[in-house]
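The values are calculated or read from the model by the stated rules, or taken from the named source; none is laboratory data. Remember, predicted model here, so these are calculated numbers, not experimental data. All Cβ positions, even for glycine, are placed from backbone atoms using ideal geometry, and neighbour counts span all protein chains on display. Ligands, DNA and RNA are stripped out before the accessible areas are found, and what is left, the full protein with its side chains, is counted by its heavy atoms. Shrake-Rupley method; radii C 1.70, N 1.55, O 1.52, S 1.80 Å.
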Amino acid sequence: MPVIRRKNAPETETPEASDAEDDKKSKLPERKSKDKKWSCIDTCCWLVGCICVLWWFLLFSYNAMPASFPQFVTEAITGPLPDPPGVKVLKEGLKVKHPVVFVPGIVTGGLELWEGEECTEGLFRKRLWGGTFGEVYKRPLCWMYHMSLDNETGLDPPGVRVRPVTGLVAADYFAAGYFVWAVLINNLARLGYEEKNMYMASYDWRLSFQNTEVRDQTLSRIKSNIELMVATSGGKKAVIIPHSMGVLYFLHFMKWVETPAPVGGGGGPNWCAKHLKAVMNIGGPFLGVPKSVPGLFSAEVRDIAVARALAPGILDKDLFRLQMMLQHVMKLTRTWDSTMSMIPKGGDTIWGGLDWSPEEGYYPGKRNQNNETQTPDQSEEANHANYGRMISFGQEAANIAVAELKRIDFRDAVKGKNVANSSCSDVWTEYQEIGYSGINAVAEYKVYTADEIVELLQFVAPKMMARGSAHFSYGIADNLDDPKYDHHKYWSNPLETKLPNAPEMEIFTMYGVGIPTERAYVYGLTHSAECHIPFQIDCSADCAESCLAGGVYTVDGDETVPTLSAGYMCAKGWRGKTRFNPSGIKTYVREYDHAPPATLLEGRGTQSGAHVDIMGNFALIEDILRVAAGATGEELGGDQIYSDILKWSDKINLRL
């Protein structure tokens, strides 16, 4: 017979328990109502989390797939890929002949810590620049202090030693997966090159060029390594391959190495003739880069102006602390003397004045069958941009006729410290020293040409420019035989120094074209000039007819260096025997028309003309391999020109 169990009778509740239960129930709706609230911060965190999860998933998927899968998909879409240049020239029977030296540009070389403050515990010989950049996020203020140089000397602060990484790994990759020299090195290795006949001339790119010798004896090391490589290769001369600012650095080296010691390397007047076969300059800013001006003036570039245009009002309100970040960037980069090496050189003679510029009338368009850019008269409405006005305060000042332009000279303006906000001292910049009167005087001058840019920077950043003027010059020499041009500050300016006496040497300028490149800027005052950087690019300034977008005028170039700067010296300034090239060294212009990758799986592409991505351009790499294997510029086919560099060069009235 089944046993029937009775349910337990409910326990008798005490009055205290009943009151506690009532309190619990009364608080429950309130807690639920609080849980329903969703703040803006929650949304941002959720969005960042989703992006991170998606990024790591895609990265895992990419690394998990077979190595040949991207190539398989790409070939299925675009057809069979061509052989890499190293494989192609090897099939033709080319072999290793001349030793090769790489000279990296600004920011692309790794820097590591050798001595620092307590906050750098555990970072001995770890990279502060390049690689993962992990220390930027872990200890940003400590990182910035150690990456900065002394404001007075331009050298290390006391107790700090940051030195360049050595070897090919110094600049093969800038960061994980982002190649700089790696593709070129790989193709040279396919031809048979190894480290005994390849040398990365790494240097501390923050320093002025002469200070790399003063502190690290870098120029002496480059000289010794080239001499060793030439000697161990049976006397075959070296092929030098500088990129970006490395072009100016090696131009300085060629003058230094022949100058008597102790100022120079003491190699004698024939050193370059004995040791150098060719200098193949990639993306060289021979005459400077307009992009460097806003970098020094307001710590901005085109990308920041574009971001501000996409989010008008938000970034200006400093919701994301952008202004504070820009102040930190300005404080850091203004200690790097090398940035002043790329201020535009040659003044109005090269870059144009208030009412003219070599590129006037330029309009981006398709090239005709003769590889000449169609002029506005042939295809489009004329471009009325006044590129010679490198900085204009307001779009009206950029376009107004010269006769109607009213300017108040800023040079004699009275300066005074800003005292309206004591927090301005949190991040010191020289703008706190010029005060409201100085800031307004700069804006009232309205327009600045290349001649006036140097004076403008001397006015707003006198300490920085006093340091820089000891190492760099931006003019045009009247008489190159004047003994004053023996000073090292002139050696990186091709308009104030002579090429070496090496008639058998060849000089190439190799650069991309077909990408809008910064040339001039429209500026305005910020809303809180008493504490933040007082000037910023006016992102509201636009005009499709004059290549003006987001406050930036653009011309043809490689996205960083305008064609005029990269091409003029080899197209005209050094072409034949000139006062800048007295021995008649042969020069060649090799342009590479930009073609973006067809699919995302192609990465950065094999036909890119962009300033860094061109280092993976198959056509450029093939040209380098052929010269390294013994070819001359004539055997490459001479000049290869797609842009209007010859026409623009003819407009420049420079005594040669």
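A crude spin-label estimate for the pair Glu195 and Glu504, with each label 7 Å from Cα along the Cβ direction, gives 3.2 nm. Seen from every direction in turn and averaged, the convex hull around the alpha carbons of segment 90-135 projects onto 5.9 nm². Remark: the Gln458-Asp409 segment gains 16.2 nm on full extension, using 0.36 nm per residue and subtracting the alpha carbon distance. Using a basic spin-label model with each label point 7 Å from the Cα along Cα→Cβ, how many nm lie between Arg655 and Trp55? Computed distance between label sites Arg655 and Trp55 equals 5.7 nm. Counting every C-alpha pair in segment 205-281, the share spaced more than 17 angstrom apart comes to 43%. Here are some pairs, Lys463/Lys572; Lys345/Lys489; Lys196/Lys577; Lys236/Lys586; Lys223/Lys345; which of them have Cα atoms lying more than 24 Å apart in this structure? Beyond 24 Å: Lys463/Lys572; Lys196/Lys577; Lys223/Lys345.
Just the number: Rg to Rh for segment 503-656, Cα atoms, Kirkwood Rh, two decimals. Let's see the in-between values first.
On the way: Rg = 19.1 Å, Rh = 17.8 Å.
Expressed as Rg/Rh, it is 1.08.
Remark on segment 127-216: Rg and Dmax equal 15.6, 47 Å (Cα only). Counting Lys and Arg as +1 and Asp and Glu as -1, what is the net charge of the other residues whose Cβ lies under 11 Å from the Cβ of Arg190? Overall, the nearby charge balance is +1.
Given R0 = 41 Å, the distance between the Cβ atoms of Trp46 and Asn399 translates into a calculated FRET efficiency of 0.35. Across segment 113-260, Cα pairs under 8 Å and at least six residues apart give a relative contact order of 17 percent.
Using the Cβ-Cβ distance between Asp486 and Asn151 with R0 set to 35 Å, the FRET efficiency from 1/(1 + (r/R0)^6) comes to roughly 0.80. Taking Lys and Arg as +1 and Asp and Glu as -1, the other residues whose beta-carbon sits under 12 Å from that of Lys577 total +4. The slack in the chain from Lys577 to Trp356, taken as 0.36 nm per residue of separation less the alpha-carbon distance, amounts to 76.7 nm. Computed from the Cβ-Cβ distance with R0 of 56 Å, the FRET efficiency linking Tyr436 to Ser233 stands at 0.35. Accessible area ranking (1.4 Å probe, heavy atoms, ligands and nucleic acids excluded), largest first, for Lys415, Lys577: Lys577, Lys415.
The stretch between Tyr178 and Asp593 holds 147.2 nm of extra length on full extension. This uses 0.36 nm per residue minus the Cα-Cα distance.
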